[in-house]
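Engineer: Pasting a structure below so you can have a look.
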Amino acid sequence: MANVDSPNGLKAVSTLSGGNIRLQYVTFSSTNSAIGYGSPLTLLADGTYDAWSNGLSFDGVSGFQLAANTGGTGPAYVDPNIIYSVQTDNGAGTLTAQTAIGLNANLIAGSVSSFGASTAELDESSGAAGAGSDSLPVHVIGLDTTYGNEFGEFNRLLVVTNTSRLKAGVVGI
């Protein structure tokens, strides 16, 4: 069975400790980029949040939609122990098989869909281990076992934050 190509950002599914998944209210930058439900976020130096982009710390996931340059307060998943499910962008790389587990990977920030969801995905060809991989934003911990999902093109993987300012990154194995 082929996986469906339906990028919809990062979805909080569990925690590393098995506890409740909790949303927290955070302040967004007044000059924020457009943010959709499931968009990866970064914590800025002034203590506000904005949409994540390549090279920044991955500090959480938005729990709502926010138009660009509006700022304000809103819900976000910022606990570094939350496990997220996220789709890979294609099937031509290192994240399509069991060997993806334990690797670190990059995100593709995506945009906001017409119904308010993020289109963020995992960069399928970015799976890495060893020196330097601790700078990649997510750590792959497994395959999402949702019915119909299997390793291959557009598979959904389970990840945790790897570059959060709230915890140190790990080197992929």
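The values are calculated or read from the model by the stated rules, or taken from the named source; none is laboratory data. In this text, all values refer to a predicted model and were calculated from it rather than measured experimentally. A quick note on method: Cβ atoms are made from the backbone with ideal geometry, for glycine too, and the neighbour counts reach across all protein chains shown.
Engineer: Yes or no: region 73-84 includes at least one residue that is among the hydroxyl-bearing types (S, T, Y), crowded, with 17+ Cβ neighbours inside 10 Å and within 21 Å of L136 (Cβ to Cβ).
Structural biologist: Yes - at least one qualifying residue is present in region 73-84.
Engineer: Something else now. So if I check each of S85, S39, S53, which one is modelled with pLDDT under 95 and under 24 Å from L158 (Cβ atoms)?
Structural biologist: Only one candidate passes the filter, namely S53.
Engineer: Select from region 121-150 the residues that are part of a loop (DSSP other than H, G, I, E, B), within 21 Å of G55 (Cα to Cα), more than 15 Å from the chain's Cα centre (by Cα) and touching a residue at least 12 places away in the same chain (Cβ under 8 Å) and list them in ascending order.
Structural biologist: Listed by number, the residues that qualify are S125, A129, G130, A131.
Engineer: Please determine whether any residue of region 91-107 is surrounded by fewer than 24 Cβ atoms within 10 Å (Cβ to Cβ), within 17 Å of S164 (Cβ to Cβ) and of a type in the set (G, A, S).
Structural biologist: no
Engineer: Could you look through region 107-120, keep only residues that are assigned to a loop (DSSP other than H, G, I, E, B) and not β-branched (V, I, T), and pick out the one that is modelled with the highest pLDDT?
Structural biologist: Within region 107-120, the match that is modelled with the highest pLDDT is A120.
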